[in-house]
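A.B. asks: Have a look at this one before I ask anything.
The values are calculated or read from the model by the stated rules, or taken from the named source; none is laboratory data. None of these values were measured; they are calculated from a predicted model. A quick note on method: Cβ atoms are made from the backbone with ideal geometry, for glycine too, and the neighbour counts reach across all protein chains shown.
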Amino acid sequence: MSTVDRAQLADFLQTRRDALQPEDVGLPRGPRRRTAGLRREEVAALCGMSTDYYTRLEQRRGPQPSEQMLAAIARGMRLSLDERDHLFRLAGHNAPGRGPLGDHIGPGMMRILDRLADTPAMVVTATAETLRQTDLAVALVGDETRHTGLMRSMVYRWFTDAGTRAMFPEEDHPEHSRVFTSDLRAAYSRLGQRSRAGELVDALLDTSAEFRERWEAHEVGVHRVGPKRLLHPDLGLLVVHCQTLHDADHGQVLLVYTATPGSESHEKLRLLPVLGERRTTP
């Protein structure tokens with residue numbers, strides 16, 4: 001770690017903020033907007049930090065941002081990988097690695113997610129680690145970004161956490177186990193033993209007899225047939241379709257949950273905005 005270049009960092013942040021338009025991040029423009037791009041308070045909210053902290057960075061008097069804070073700024077300001085790396089170097093840090101399972105979401109994917117504010121949607125990695133969710137996705141399945149360590153992976157939680165399994169009807173569990181194991185095997189085959197996928201495989205082989213049995217079956221290409229059934233603590237059973245959009249450059253997938261128009265589940269999904277974050281226990 002080296003010294004932060006406060007002047008260049010401040011100028012870079014300001015130019016990126018000026019280049020962002022409200023429509024780029026899913027915000028209404030409004031009739032009284034006079035700034036060239038976004039306001040400081042809007043950027044601060046997108047990055048999950050206080051307006052005062054962000055303002056001090058632009059005024060060349062802030063502290064040296066941590067790597068976690070820089071990652072949040074890169075996501076919030078919809079930076080490309082080259083822009084993210086430049087941001088880290090200006091702040092006195094080495095640029096993060098560009099592995100296929102990085103946590104940085106590309107600006108194109110972020111623009112799509114911003115336009116899905118009225119839909120449950122999330123971006124996940126090849127090892128089923130959720131990077132970002134819309135508010136309605138949090139209301140549907142809970143805040144999956146709060147997990148740390150191995151628990152970040154839905155596959156790991158599936159085989160080790162009873163609360164995760166309780167989100168799905170018990171009769172659907174065998175299919176989920178087969179799909180999750182097959183997906184992890186695909187990531188393991190592509191990324192290798194020393195990857196994040198390899199770490200998850202080793203941990204699950206040590207902790208889950210069910211995973212060991214499924215892993216030893218060597219099933220590949222197992223796909224879920226038909227819609228997915230979820231158990232919501234307030235709405236009960238939901239039958240949803242899960243559409244996917246793959247970002248091959250970042251090794252990430254956008255998941256979008258919908259229900260058949262006119263169905264009971266479709267009417268239930270319309271209630272998500274008034275429910276807020278779902279309770280953890282169905």
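A.B. asks: Filter segment 57-75 for residues that are at pLDDT 90 or above and under 19 Å from PRO22 (Cβ atoms); which is surrounded by the fewest Cβ atoms within 10 Å (Cβ to Cβ)?
C.D. replies: GLU58
A.B. asks: For ARG214, are the conditions met, namely being in the same structural domain as ASP172 (by TED's automatic domain parsing) and touching a Leu at 6+ places or on another chain (Cβ under 6 Å)?
C.D. replies: Against the criterion (in the same structural domain as ASP172 (by TED's automatic domain parsing) and touching a Leu at 6+ places or on another chain (Cβ under 6 Å)), ARG214 does not qualify.
Okay, residues lined up against (1) closer than 30 Å to SER195 by Cα; (2) exposed (fewer than 13 other Cβ atoms within 10 Å of the Cβ); (3) under 19 Å from the mean Cα position of the chain (by Cα):
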position: ASP18; (1), (2), (3): no, yes, no
position: ASP24; (1), (2), (3): no, no, yes
position: PRO28; (1), (2), (3): no, yes, no
position: ARG32; (1), (2), (3): no, yes, no
position: MET49; (1), (2), (3): no, no, yes
position: MET77; (1), (2), (3): yes, no, yes
position: HIS104; (1), (2), (3): yes, no, yes
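A.B. asks: Give me the strands (runs of 3 or more DSSP E) completely within segment 180-282, filtered to those with at least 1 residues that are farther than 19 Å from VAL124 by Cβ, among the aliphatic types (A, V, I, L, M) and in contact with a strand residue (DSSP E or B) (Cβ under 8 Å, 6 or more places away or on another chain), ordered by residue number.
C.D. replies: Of the strands (runs of 3 or more DSSP E) lying wholly inside segment 180-282, those with at least 1 residues that are farther than 19 Å from VAL124 by Cβ, among the aliphatic types (A, V, I, L, M) and in contact with a strand residue (DSSP E or B) (Cβ under 8 Å, 6 or more places away or on another chain) span 228-232, 236-247.
A.B. asks: Kindly list the number of the only condition in (1) touching a residue at least 40 places away in the same chain (Cβ under 8 Å); (2) part of a helix (DSSP H, G or I) that fails for MET167.
C.D. replies: (2)
One line per residue, one yes/no per condition, for (1) at positive phi; (2) more than 20 Å from the chain's Cα centre (by Cα); (3) among the basic types (Lys, Arg); (4) not assigned by TED's automatic domain parsing to the domain that holds VAL222:
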{"site": "THR160", "(1), (2), (3), (4)": "no, yes, no, no"}
{"site": "GLU175", "(1), (2), (3), (4)": "no, yes, no, no"}
{"site": "ARG194", "(1), (2), (3), (4)": "no, yes, yes, no"}
{"site": "LEU200", "(1), (2), (3), (4)": "no, no, no, no"}
{"site": "ALA203", "(1), (2), (3), (4)": "no, yes, no, no"}
{"site": "ASP206", "(1), (2), (3), (4)": "no, yes, no, no"}
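A.B. asks: If you don't mind, there's one more thing I want to ask. From the list ALA197, ALA203, which residue is at pLDDT 95 or above, touching a helix residue (DSSP H, G or I) at 6+ places or on another chain (Cβ under 8 Å) and either crowded, with 17+ Cβ neighbours inside 10 Å or not charged (D, E, K, R) (or both)?
C.D. replies: Matching residue, one of ALA197, ALA203: ALA203.
A.B. asks: Pairs only if they're at least six apart or on different chains, beta carbon under 6 angstrom, first in segment 219-234 and under 17 Å from LEU255 (Cβ atoms), second in a loop (DSSP other than H, G, I, E, B) and not hydrophobic (A, V, I, L, M, F, W, C); list them, first residue then second.
C.D. replies: ARG229/PRO169
A.B. asks: Mind counting the residues in segment 42-62 that are touching a helix residue (DSSP H, G or I) at 6+ places or on another chain (Cβ under 8 Å) and either more than 20 Å from THR134 (Cα to Cα) or basic (Lys, Arg) (or both)?
C.D. replies: Total satisfying the criteria: 11.
A.B. asks: In segment 241-250, what residues are of a type in the set (A, V, I, L, M) and without any contact (Cβ under 8 Å) to a residue 60 or more places away in the chain?
C.D. replies: Listed by number, the list holds a single entry, ALA248.
A.B. asks: For ASP82, all conditions in the list (1) loosely packed, with under 13 Cβ neighbours inside 10 Å; (2) acidic (Asp, Glu); (3) over 23 Å from the mean Cα position of the chain (by Cα) hold save one; what is the number of the exception?
C.D. replies: Just one mismatch for ASP82, condition (3).
A.B. asks: Polar (S, T, N, Q) and in contact (Cβ under 8 Å) with a residue 40 or more places away in the chain - does that describe any residue in segment 92-111?
C.D. replies: Yes, the conditions are met somewhere in segment 92-111.
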